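Below is one structure, written out as structure tokens, with a few remarks after it.
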Amino acid sequence: MTGRAERPQRILVTGVGSYWGGSVAQALESDPDVEAVIGVDTSEPTIPLERTEFFRTDESFSTLGDVVAATDVDTVVHAALAVDSTRMADQRLHENNVIGTLNLLAALSQDGSSVGGVVVKSSALVYGAGPRDPYFFDEDARRSTRPRTRIERTLLEVESQLRDFVEERPEVRVAVLRFGDVVGNRGHTPLGRALTLPAVPQILGFDPLLQFVEQTDVVRALLFATGRRLSGAYNVAADGRLPWSELITLAGRVPMFLPPLFTGVALGPLAQAHVLDLPLEVRQVLRYGRGLDNRRLKAAGYTYRYTTSEAVLAQSQVRRKSSRRSVHSSEVRA
Amino acid sequence: MPVEGANPRGGELIHLRQPSQPEPDAGPRRSDVDGWGRSQRVRDVFARLYEPLYRHWFRVEWEGLDKVPTDGGALLVANHAGAIPVDAPLLMHGIETELGRPVYGLADRLFRTLPVAGTIWARAGGVAAHPDNAYRLLHDERALTLDFPEGTKGTGKLFTERYQLQRFGRGGFVEIAMRAGVPVVPIAVMGSEETMPTIARFEAAARLLGVPYVPLTANMLLLGPLGLFTPFPAKIRFRVLDPVRFDVKPDQPRYPKGRVHTEAEAIRAALQQALNDMLAARQSVWLG
């Protein structure tokens, strides 16, 4: 780590075609200290980008080694992990998350790699959700339930790859950000999206406590971890753990009750008709809730713009308001 | 546990402040449910329902209520009895109305799996007994937290074993109190055993249903299915014992197992002694 710049200057962003990667690249572009932004993805960015160099890759990032070697990047923001199983088939989840990260880490391990830091956008799905859980997971908590879905297994495997990588390459800083359920008009996870439905699914007799994070707070947290050169695991979820019924009210919606028994069976036809897809890992949260201890990232200096209730309210009001808060370049140096 | 200096690989992080107090949602709210699922409004409804039971059915009397701390976290531990126990709601109601402090009641996580009943339980202050939950309540939120170290072994025991304290788990409650740096306040409960005496247990049915026990109670024999919801009007007495403070540094990763066990056994012995004294002084199950 000798002779490296104090601040990240040449940054590679994976998943730049998504809202997350694209927004991170966009914010980095406006930072004059950032010399180069390199974006990789399987598809062109949808967020307007000006000076980001875009490299198209296959879904498992098999050409990343060449990109890293050619561009001399010092920092990687790995925003390509899929965390929403309703948006990607199981087979692709494995290619994208497991093999994709494997290829990324291989690229960073090759001789002559100048990468000193990696920031990974992971998910609270690694904790699962069940009746034996603590009400607030801290970063060292172990999950109490066995992972039963492909998305959870791929994310757990990614985290295990990262732990091995940290052991093999202690000189590279690795920060893993585990995001809670996301609300926002551009970026969201299934439960955030559920709050935009005319009738919001709720399991009859259960009113779990949920914690959300607003979409721009997600992007800001990634930029914060990059700029502050964090390492280690961090939960990212807003203050406030609210009953699902209250969140439905805040969103201006009404509940649609699902049977407490055979919930998955009842949802089957709706999922097939593409009306409402609530995979198992999401249904567990609708039953037991999930809370994240967000104090570690706050202690590092990060401040949230939104609480859980503000985030849900903002999403429901965004249709009326055309001007939205955007992420500013100063966040990088926050 | 959210430990200080949390960054495992150190170096880069500057800890400007370590917020030990979790921050509530300051945004717009539509309910008063807190991060544990407790709602003061629901508690107030329960208080109105419970008050007549507390005053007239069980005629609860306290001894040493002034020993319950009026501020700061404290772990209240009591003996647990009755097939469907009334001790938890009565203790919570009593302390909340007499001292005006909320009490969180730790209970089996089974409650979290029950539709409707589980939600009401949480709104009324029930919290799943997980060490991290207890620590956060006691240390970070400085709350009164009620625990029954006997667990379901206390409520599942037969009437012939009444007022014989069961094993106190593995003394986990002592370790939590040590780590959180709070006192343990033992409370001896007299009369709870007679509210719903268990005459027999059906082990096979319990295994089949996945519950700790399926009892046949005297109430069911007398009143049929109504007996499930009708505890006998035994006179209930609570005796608060001297708070036990541990002379150890809080927030240690572990405490000597032997010490924890010894402290737990001492608290158990003190409670048993108090129960024996109260039993000896009791003249009538119904009048006290």
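Only the coordinates and a few stated rules stand behind these numbers; no lab work does. Everything numeric here is computed off the predicted structure, so don't read it as measured data. Here the Cβ positions follow ideal geometry from the backbone for every residue, glycine too, while neighbour counts run over all protein chains shown.
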Qualifying residue in the stretch A:265-277 (condition: part of a helix (DSSP H, G or I) and either hydroxyl-bearing (Ser, Thr, Tyr) or within 13 Å of chain B (Cβ to nearest Cβ) (or both)): no
Verdict on A:ALA194 being within 17 Å of the chain's Cα centre (by Cα) and crowded, with 24+ Cβ neighbours inside 10 Å: no
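Conditions tested, residue by residue: (1) outside any strand (DSSP E or B); (2) at the interface with chain B (Cβ under 10 Å from one of its Cβ atoms); (3) not aromatic (Phe, Trp, Tyr).
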position: A:ARG178; (1), (2), (3): no, no, yes
position: A:VAL182; (1), (2), (3): no, no, yes
position: A:THR196; (1), (2), (3): yes, no, yes
position: A:VAL200; (1), (2), (3): no, no, yes
position: A:ARG220; (1), (2), (3): yes, no, yes
position: A:LEU223; (1), (2), (3): yes, no, yes
position: A:ARG229; (1), (2), (3): yes, yes, yes
position: A:TYR234; (1), (2), (3): no, yes, no
position: A:ASP239; (1), (2), (3): yes, yes, yes
B:ASP32 being in contact with a strand residue (DSSP E or B) (Cβ under 7 Å, 6 or more places away or on another chain), at the interface with chain A (Cβ under 9 Å from one of its Cβ atoms), farther than 19 Å from B:LEU241 by Cα and not basic (Lys, Arg): no
B:ALA124 vs. criteria within 14 Å of the chain's Cα centre (by Cα) and either more than 28 Å from B:GLY181 (Cβ to Cβ) or in contact (Cβ under 8 Å) with a residue 24 or more places away in the chain (or both): yes
The stretch A:163-176, residues that are surrounded by fewer than 21 Cβ atoms within 10 Å (Cβ to Cβ) and either in a helix (DSSP H, G or I) or at the interface with chain B (Cβ under 9 Å from one of its Cβ atoms) (or both): A:ARG163, A:ASP164, A:PHE165, A:VAL166, A:GLU167, A:GLU168, A:PRO170
Flag if B:THR97 is closer than 30 Å to A:PRO259 by Cα and of a type in the set (Ser, Thr, Tyr): no
Positions within the stretch A:119-139 being in contact with a helix residue (DSSP H, G or I) (Cβ under 7 Å, 6 or more places away or on another chain) and either within 12 Å of A:LEU177 (Cα to Cα) or in a helix (DSSP H, G or I) (or both), in sequence order: A:VAL119, A:VAL120, A:LYS121, A:SER122, A:SER123, A:LEU125, A:VAL126, A:GLU139
Residue satisfying condition, being of a type in the set (Val, Ile, Thr), in contact (Cβ under 8 Å) with a residue 40 or more places away in the chain, over 28 Å from A:ASP33 (Cβ atoms) and crowded, with 16+ Cβ neighbours inside 10 Å, within set A:VAL118, A:VAL68, A:VAL83, A:VAL76: A:VAL83
Wholly within the stretch B:33-141, helices (runs of 4 or more DSSP H) carrying at least 2 residues that are basic (Lys, Arg) and farther than 20 Å from A:GLY240 by Cα: B:40-52
Qualifying residue in the stretch B:147-154 (condition: assigned to a helix (DSSP H, G or I), away from chain A (no Cβ under 12 Å) and either over 30 Å from A:PRO259 (Cβ atoms) or basic (Lys, Arg) (or both)): yes
Conditions (1) of a type in the set (Gly, Ala, Ser); (2) surrounded by 18 or more Cβ atoms within 10 Å (Cβ to Cβ); (3) part of a helix (DSSP H, G or I); number of the one not met by A:SER160: (2)
Residue check, A:LEU177 within 18 Å of A:TYR302 (Cα to Cα) and not polar (S, T, N, Q): yes
